[in-house]
Amino acid sequence: MKIFLEVMLLEKPKVAIIGLDGANKTTAELVGITSLYEFISTIPPYTPPSWTSILTGVNPAKHGVIGWQKVQLKENKVSLMTSRDVKYPRLSELLESANLKSILINLPMTYPSRGIKKKDKTIIVSDWAAPEQTIFPKKLEEKYREYLVDPPHEWYKHKKREYPKKVKEYTETRLNLYYDLLEKE
């Protein structure tokens, strides 16, 4: 027992947050999750505001992300929301303030990485919707370049049986990247 406690004290605690975007009770049951809390989301219950609320701890009215696009009335234009549009610090920035490391993988509103203010101890892997597949810091992007394959967005260009294979191939490639980053970094 004493040896176990000493080992526990030597190891730094680690926390992983894994999310299934668009999951519901049926999805959870399919992957074997049986004890569930009430499924709730943000208003609107949509990927960008939901994930940004998870990362910031505030609702969309406060963090400013309500969808993929923003309307700029003065300029009479519509553009994509980016990491620069998030008005509250993210969990990774708060962890950095406490001198802790974090890795953000596949999270909306984390591209471009320059929109995240505190990131000296943070690794950021762009998400499926980012205009380019990147890793911050750049030295890691060079190291993992082979894993930064483009997501198979153009489903309509593939035969019905071919597209799921493309998604699986993309997912397996990216999982190899994630496992390596989480293990080594």
Could you work out the equivalent-ellipsoid semi-axes for segment 84-168, taking the square root of 5 times each eigenvalue of the Cα gyration tensor, largest first, in whole Å?
-> 29, 14, 10
Area of Glu132 that stays accessible when all protein chains are in place (1.4 Å probe, Å², to 10) = 90
Mind listing the phi-derived Karplus ³J(HN,Hα) values for segment 15-30, rounded to whole Hz, using 6.51, -1.76 and 1.60 with θ = phi - 60°, and x for any glycine or proline?
-> 10, 10, 10, 10, x, 10, 5, x, 6, 9, 4, 4, 4, 4, 5, 5
Could you pull out every residue, at least 5 positions away or on a different chain, whose amide H is within less than 5 Å of the one on Ile124? Hs are placed 1.01 Å off N in the peptide plane, and Pro or chain starts have none.
-> Leu104, Phe136
Springs between alpha-carbon atoms under 10 Å, Gaussian network over the chain: tell me which of Asp120, Asp85, Asp21 tops the mean-square fluctuations.
-> Asp21
Output the direction-averaged projected area (hull surface divided by four) of the convex hull of the alpha-carbon atoms of segment 21-112, in nm².
-> 7.7
Most mobile of Lys121, Lys168, Lys159 per a Gaussian network model of the chain (Cα springs, under 10 Å)?
-> Lys159
Dividing the alpha-carbon radius of gyration of the chain by 2.2 N^0.38 Å, where N counts its residues, gives 1.16
For segment 52-185, report the accessible area per residue in Å² (1.4 Å probe, heavy atoms, rounded to an integer).
-> 66
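With Cβ to Cβ distances under 12 Å as the rule, what net charge do the other residues near Lys165 carry (K, R +1; D, E -1)? Spell out each step's value before the answer.
On the way: positive: Lys159, Lys160, Arg161, Lys166, Lys168; negative: Glu162, Glu169, Glu172.
Around Lys165, the surrounding residues sum to +2.
The values are calculated or read from the model by the stated rules, or taken from the named source; none is laboratory data. Values in this document were obtained by computation on a predicted structure and should not be read as measured data. Quick reminder, even Gly has a Cβ in these numbers, built from the backbone with ideal geometry, and neighbours come from all protein chains shown. All accessible areas refer to the heavy atoms of the entire protein, side chains included, with ligands and DNA or RNA removed. Shrake-Rupley method; radii C 1.70, N 1.55, O 1.52, S 1.80 Å.
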